[in-house]
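Engineer: After the structure tokens below, expect a handful of questions from me.
The values are calculated or read from the model by the stated rules, or taken from the named source; none is laboratory data. None of the values given here were measured: they were computed from a predicted structure. Cβ sites come from the backbone with ideal geometry, for glycine too, and all protein chains shown count toward neighbours. These area figures cover heavy atoms from the full protein model, side chains too; ligands, DNA and RNA do not enter into them. Shrake-Rupley method; radii C 1.70, N 1.55, O 1.52, S 1.80 Å.
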Amino acid sequence: LAHVSLRDGQAIATSGDYMQTLAKGLSHVIDPRTGTPVQITGDTCAGASVVCNSCMLADALATAAMAAGMVKDGRRLLDMFRGAALKDPVTDYILYSRAGPRVVRYKELSSEAPEHREDRLSRHNPARVIVVGGGLAGISAAIEAAKARAKVTLLEKESEIGGNSAKATSGINAWGTRVQKANGVDDDGRFFERDTHVSAKGGQSDLGCVTALSEKSAEAIHWLMDELGVPLTALSQLGGHARKRTHRVPPRADGAPVPVGFTIMQHARAAANAYDNIEIKTRCSMLRLIQETSAEGEKEVKGLEYKDEVAGTTHELHADAVIITTGGFGFDHSEGSLMKQHRPDLVGVPTTNGSFANGDGIKFGAEIGATLVDMDKVQLHPTAFIDPKDPGAHTKYLGPEALRGSGGILLDQQGRRFVNELDLRSVVSKHILEHCEPYKMPDGKEYRPWSWCVLNEESQEKFGKPMLSFYKDQVGLFEAAEGTKGLAELIGCPEQNVIDTLKDYAAAADQKICSKTGKVVFPSRMSDTDKSFIVARITPCIHYCMGGLEISPAAEVLTKAKAGAMGRRKKIHRLFAAGECTGGVHGGNRLGGNSLLECVVFGRLAGDRAATINQPSPTALDRGDWVPVTLREVRATDMKFGHNTAVYRFNLHGALQRTGLEVGRFVAIRGELDGDTLTGFYSPVSRPEDDGVVDILCRTDEKGGPIVSFLLAMKPGASCLLRGMGGVKLVRQPDNSWWYKDREIHRISLLCGGTGLAPAVQIARAYINSCNGPDIPKRSANCGIKILYAAEAAGDLAFVTAFDNLKERYPELISYYLVLNSPPKGWTQGIGFVDHDTIRQHCWFPPSNDHMLVMCGPPIFESIMCKNLAALGYPDEQYYAFSNDPEALL
């Protein structure tokens, strides 16, 4: 049934009925809910295998899954034991029933099925990919592209790769990892995304990008651990997080902490060097992006110009795709810098960034029209060390997040606490700047506001004394103080202030809440009885730039759409980006630990999409075969299309591929749930000219059919099968006219019944888009779309909100009329059924050669409407019914 890989310490147990019967048709397994034997049928579970860290628990759960009866019920039971809060969670299972036979396997809901990935990566021609920037985002992109058979050239302007990624100390966030499970941490995507959005307030944080960051987080950690060999087995909880989810490298045997960013980049560098199809060029600086015009008239990025800083020579390098991973602009304060343009108030503020962080990739993207977002959102890290020997230094040592995460507290110049040390970085920085006094420079001038960072013996142990020794003894940033008297003398405040502060803090730690600051997590208990302290002077400094090149959830660089087009954004062909050079992920303030995660998640996505850009066919769904696709994002559309609706966006194999489906055609979607193969049919609401994606609009309630259960179980990154089907096949011409077969169509009627309205949404949106634009001539008054929609009751009406929105924006192009057989009180439109008079009044009538009527609804509805239309004199060629189309059948 399956090949199961077990890690050290894992156990597998199998239970089955083995056709051992107590009586005819009765298993030896007893259902504890009824106290009776489970019946043996073709549909009941005949075998269950469970993997977890306890052999006893695996055996018990396997038998319990048998007792559940049906395979579906066994799967639901075992899924309850997947949670990270459990000591020994289920990590794999296989359930089997004889009818079919049916096999149900444990699935990671956001992972592409291995067979689908193998199929997808076998279809493209190898690409030439350029990656600009050698931090974690760049290396992640290069490795993923190389695995997809691309020839990769990575350009790094410094002499070594690593960038700011190598300086990262906080760790890397993720939920649902096996590390969390081993540590009993109960976490899921709801908390992760909530924490990210809370931190992002005040900026543009794209829902799809945040969901991708969340759903791909565990995969990112496991990729770093399993493929790159980074031992991310230590966990901590940073400020702004509701759960313990920041992964780090455990300390050495002597207790010395291991810098997580530096360690990751060591492993990443070694992994990249192992690929023959990755070439790394250092001391090479990008000068500009090269654009060409494609055969379709679209501008595409086809390479770049760079300077070899060693040889002093300039070169052009051409490629099928370019990935920008050049980092932020946190260091650059030069004339004309991005900092001076967008945050002139921060010019001169010290930074933790290296001198290479000058935003060059952002500038080159903007030069060719890339949209920039949140450029004024620059994060101040609250704990950069002030070196008493050189207090005015522009580049400062970063005081790691772990100083506060291990229990360090912040005191003002009067020895008082003033903030929840584990709050968001933006909040802590704001309180320091508003509450604390300026630092007095040796010449008497006032410098930046600052505070004291204080650690007692317990918090020193948790942070790691060997690492503290580096900051204290080698660099001279910490000073020791004995007891409250020594601490007060060092701070320069009355000892009683320090005693009161530490007494209050100890009481708050005991009560697990500080009424003054709202702090509820106390990594260490600090009190006035502590005998040993170390203290450092810290000040907020520029640490991270949230703004940059706007990207999609597939790491495509975006630009503004043409005026009048539906949708405000479009992608720049063949250009991708990841890491700190991008915007739209972190919003107003980045959550600590999300930067390294962003580099891995979007770096890998960019590498995959860039490497698979050369598809042998420009279209993906018009050949009648089942094609594996991955889910990019799900957008709830209750406000846009109506209650209980959502748009599911799937990636086509290539970023420049199109569906190949004319307007009016639909797709079949197929997936497996509980051993059942489920199929549903949907009309795309994306347009035929959209590149790289197909969008389907569906109801997410029971009226959407059995396939809805499968769709609701899908998460971004998961895969299914799509197939292009039949349909009316309306074709938009280059002059924006519409043709059906050999006739030009000026007027369209849409006759809809039941819940079958999605084709009407597709056709209406495409038609209106063809009429809307600065260079498109206005339609005559005798053109447009008329919609007649019949349903049993108001609750059956689907997607009506979409037509309300369209009618409000384009009243001259669209009208619709609703008919209900069981209308609610106060109903003002049609009642009963669609008859001849209703069609005459609310569809285009009389019939004409430039008119096309499209029906969409249940077969019985379409059959009755065909008879009505014939009676009204509509010729067969002037109306279309899906139920009469042989291509509409599987």
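Engineer: Given a Förster radius of 25 Å and the C-beta distance between Met441 and Val347 as r, what FRET efficiency does 1/(1 + (r/R0)^6) yield to the nearest 0.05?
Structural biologist: So the FRET efficiency works out to roughly 0.85.
Engineer: Using all alpha carbons of the stretch 301-424, what is the percent of pairwise distances in each 5 Å bin, ordered from the shortest bin to the longest?
Structural biologist: Reading upward from the zero bin: 2, 8, 14, 16, 16, 14, 11, 8, 5, 3, 2, 1, 0.
Engineer: Could you state the per residue volume, in Å³, of the convex hull enclosing the Cα atoms of the stretch 1-73?
Structural biologist: Values: hull volume 6.8 nm³, N = 73.
Residue-normalised Cα hull volume stands at 92 Å³.
Engineer: Whole number please: convex hull volume per residue, Cα atoms of the stretch 56-139, in Å³.
Structural biologist: Taking the convex hull of the Cα positions in the stretch 56-139, it is 151 Å³ per residue.
Engineer: Taking θ = phi - 60°, what integer Hz values does the Karplus form 6.51 cos²θ - 1.76 cosθ + 1.60 yield along the stretch 532-539, in sequence order, with x for Gly and Pro?
Structural biologist: For the stretch 532-539, the Karplus curve yields 10, 10, 10, 9, 9, 8, 10, 8 Hz.
Engineer: Over the chain, what is the mean sequence separation of C-alpha contacts under 8 Å (at least six apart), divided by residue count, expressed as relative contact order in percent?
Structural biologist: Once normalised by length, the contact order is 12 percent.
Engineer: Taking the Cβ of His241 as the center, what net charge do the other residues with Cβ under 15 Å away carry, scoring Lys and Arg +1 and Asp and Glu -1?
Structural biologist: Neighbourhood net charge equals +2.
Engineer: Quick one: pull the percent of accessible area on the chain belonging to carbon and sulfur, 1.4 Å probe, ligands and nucleic acids left out.
Structural biologist: 52 percent
Engineer: A follow-up question, please. If you place +1 on the Cβ of every Lys and Arg, -1 on the Cβ of every Asp and Glu, and leave all else neutral, what size is the dipole of the chain about its Cα centre, to the nearest 20 Debye?
Structural biologist: Working: 101 positive and 106 negative charges, 108 e Å.
Here the chain has a charge dipole of around 520 debye.
Engineer: Answer with one residue from Val260, Thr484, Ala718: the one whose Cα lies farthest towards the positive end of the charge dipole of the chain, charges on Cβ with Lys, Arg +1 and Asp, Glu -1.
Structural biologist: It is Ala718.
Engineer: What is the set of long-range amide H partners of Ala321 at a cut-off below 5 Å, with H atoms built 1.01 Å from backbone N?
Structural biologist: HN-HN under 5 Å from Ala321: Arg128, Ile130.
Engineer: Amide H of Tyr447: which non-local residues (sequence gap of 5 or more, or other chain) have their own amide H closer than 5 Å, using H built in the peptide plane?
Structural biologist: Under 5 Å from the amide H of Tyr447: Tyr439, Lys440, Met441.
Engineer: Compute the signed sum of charges (Lys and Arg +1, Asp and Glu -1) over the other residues within less than 11 Å, Cβ to Cβ, of Phe882.
Structural biologist: -2
Engineer: Among Leu411, Pro466, His394, which residue has its Cα positioned farthest towards the positive end of the charge dipole of the stretch 380-482, with +1 placed on the Cβ of Lys and Arg, -1 on the Cβ of Asp and Glu, and the dipole taken about the Cα centre?
Structural biologist: Farthest along the dipole direction, towards plus: His394.
Engineer: While we're here: Could you tell me which of rounded, prolate or oblate describes the stretch 768-890, using a ≥ b ≥ c as the square roots of the eigenvalues of the alpha-carbon gyration tensor, with rounded for a/c under 1.5 and, failing that, prolate when a/b is larger than b/c and oblate otherwise?
Structural biologist: Cα axes put the stretch 768-890 in the oblate bin.
Engineer: Further question: Sort Glu112, Glu550, Glu227 from largest to smallest accessible area, using a 1.4 Å probe on the heavy atoms of the protein chains.
Structural biologist: Per-residue accessible area, sorted high to low, gives Glu227, Glu112, Glu550.
Engineer: Still on this structure: Full-extension gain between Arg809 and Asp43, please, as 0.36 nm times their residue separation minus the C-alpha to C-alpha distance.
Structural biologist: 270.5 nm
Engineer: Run the helix sum for the chain: -39,500 (n - 2.57) per DSSP H stretch of 4+ residues, divided by residue count, reported at 222 nm to the nearest 500 deg cm²/dmol.
Structural biologist: -7500 deg cm²/dmol
Engineer: What order do you get for 138-149, 424-435 when each peptide is scored by the mean count of other beta carbon atoms within 10 Å, highest first?
Structural biologist: 138-149, 424-435
Engineer: Also, quick follow-up: Taking R0 as 51 Å, what's the FRET efficiency between Ser617 and Trp827 from their Cβ-Cβ distance, rounded to 0.05?
Structural biologist: 0.55
Engineer: I've got another one for you. In Å, what Rg and Dmax follow from the Cα atoms of the stretch 52-208?
Structural biologist: Rg, Dmax (Cα atoms, Å): 21.4, 63.
Engineer: Let me ask something else about it. In sequence order, what are the phi-derived ³J(HN,Hα) couplings for the stretch 843-851 according to the Karplus relation 6.51 cos²θ - 1.76 cosθ + 1.60 with θ = phi - 60°, rounded to whole Hz, with x for glycine and proline?
Structural biologist: Listing the rounded values in order: 10, 5, 8, x, x, 8, 5, 9, 10 Hz.
Engineer: Between His643 and Asp876, what FRET efficiency comes out of the Förster formula 1/(1 + (r/R0)^6) with R0 = 35 Å and r the beta carbon distance, rounded to 0.05?
Structural biologist: Efficiency computed from Cβ-Cβ geometry: 0.40.
Engineer: Additional query: Among 737-750, 364-377, how do they line up by average Cβ neighbours within 10 Å per residue, starting with the highest?
Structural biologist: So the order, starting with the most tightly packed, is 364-377, 737-750.
Engineer: Ok, one more. Near Ala13, within a Cβ-to-Cβ distance under 14 Å, what is the net charge of the other residues, with Lys and Arg +1 and Asp and Glu -1?
Structural biologist: -3
Engineer: Keeping all protein chains in the complex and leaving out DNA, RNA and ligands, what accessible area do you get for Phe418 with a 1.4 Å probe, in Å² to the nearest 10?
Structural biologist: About 20 Å², rounded to the nearest 10.
Engineer: Moving on to the next point. Taking the dipole about the Cα centre of the chain, with the C-beta of Lys and Arg at +1 and of Asp and Glu at -1, give me whichever of Gln829, Pro438, Pro523 is farthest to the positive side.
Structural biologist: Sorting the options by dipole projection puts first Gln829.
Engineer: Which length gain, in nm to one decimal place, applies between Leu121 and Ser863 when the Cα-Cα distance is subtracted from 0.36 nm times their residue separation?
Structural biologist: 262.8 nm
Engineer: Of the beta bridges DSSP finds with both residues in the chain, what % are antiparallel, to the nearest 5?
Structural biologist: Of the beta bridges lying entirely in the chain, close to 70 percent run antiparallel.
Engineer: As an exercise, take the mean of 1/r over every pair of distinct alpha carbons in the stretch 1-132, invert it, and state the Kirkwood radius in angstroms.
Structural biologist: 16.5 Å
Engineer: Need the full-extension length gain, Ser515 to Trp739, defined as separation in residues times 0.36 nm minus the C-alpha distance. One decimal, nm.
Structural biologist: Contour length minus Cα-Cα distance gives 73.6 nm.
Engineer: Please grab the % of Cα pairs in the stretch 524-653 that end up more than 20 Å from each other. Walk me through the numbers on the way to the answer.
Structural biologist: Working: 5413 of 8385 pairs.
Summing the P(r) tail past 20 Å for the stretch 524-653 gives 65 percent.
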